[in-house]
């Protein structure tokens, strides 16, 4: 494989950097965070104009038909600019599940996403806050017309902006994925506090919410496969964001080290600062290699995807946090002030570390992949005990 982007991908990367420099400058991000409004209709419309909402979906469904490497390029640049909003939840998380739906479901929901007329998200986590698919406990009772949901989902990303919420539930012993319209009777959405104020979290409560049978995307093993694929794609996307954030923190620290003077010379001449910057560079480049490899594997060798994706997420989770630490240390006392932007990136680092499973979760998944090739931590732990 080629370990560099091709010319088309490099052009896409440059155009994305230019796009966000104009449409999502740091002043806009700061304003949205300070107002507690992580969603911008103007920014969303700019992404729609560029065709980004259909980036990885087929032309038949109204998308651009690009691959996961191009998606990774896009999310790296979004992480560099700290782009707020619902793009991750809609395109990388909910979109791949909608792409597995019936023709009618794709026409109604996925095409609307590609055209920018709708946003979506996935409700998975419950009281245990576990990213393991087997932890889903919300029950969907079968009715003559479809299904009835009662219970709660927690930490649902961008539910406040979503038009539909793909909900993971249990129909008897089977996992099921149901499309729930946000305005459906019995559905209520309540904001939850979060560390990263550029990404909204919500509690979604279902009180005898009636879901028509036509909104069932998949059930049983097909539902498990669809959900796991979506989680892997979304994990690649968020790790690409993390790489972009690391790159910004590195560049910001290096620029400060060149201009800030102490004892009559730039602090970048001091060996301790040089070590910090060198370590930030090492972690950033290593994470970038792991993330792009995971994206390539996901598109070309899906059987190896669980291992590659978890390797990328494990390394990026640890590295982004540490790069943020070192960046703040290079800036010294200035790094702790509200006026500097690096603390926004550090908060994104901590939140992204937990999103779609932290490093411990993915180390367990790596162990599972090496033990039995399933990528299921529960089975690995069982076999290790044997």
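If I go through region 135-163 residue by residue, how many of them are in a strand (DSSP E or B), surrounded by 22 or more Cβ atoms within 10 Å (Cβ to Cβ) and in contact with a helix residue (DSSP H, G or I) (Cβ under 6 Å, 6 or more places away or on another chain)? Looking only at that region, the number is 1. Where residues in region 124-134 are touching a residue at least 24 places away in the same chain (Cβ under 8 Å) and loosely packed, with under 15 Cβ neighbours inside 10 Å, which of them is farthest from residue 189 (Cα to Cα)? That would be 134. Of the strands (runs of 3 or more DSSP E) lying entirely inside region 171-236, those carrying at least 1 residues that are surrounded by fewer than 17 Cβ atoms within 10 Å (Cβ to Cβ) and on the phi > 0 side of the Ramachandran plot are 201-212. On the basis of being touching a strand residue (DSSP E or B) at 6+ places or on another chain (Cβ under 9 Å), in a helix (DSSP H, G or I) and surrounded by fewer than 19 Cβ atoms within 10 Å (Cβ to Cβ), does residue 107 make the cut? Taking the combined requirement at face value, the residue does not satisfy it.
Yes or no: region 348-356 includes at least one residue that is crowded, with 21+ Cβ neighbours inside 10 Å and outside any helix (DSSP H, G or I). Checked region 348-356: at least one residue is crowded, with 21+ Cβ neighbours inside 10 Å and outside any helix (DSSP H, G or I). Within region 255-276, being within 33 Å of the chain's Cα centre (by Cα) and either part of a strand (DSSP E or B) or buried (at least 18 other Cβ atoms within 10 Å of the Cβ) (or both) holds for 256, 257, 273, 276.
No value in this document is a laboratory result; all are computed from the given coordinates. In this text, all values refer to a predicted model and were calculated from it rather than measured experimentally. Methodologically, a virtual Cβ is constructed for each residue, glycine included, from the backbone with ideal geometry; neighbour enumeration extends over all protein chains shown.
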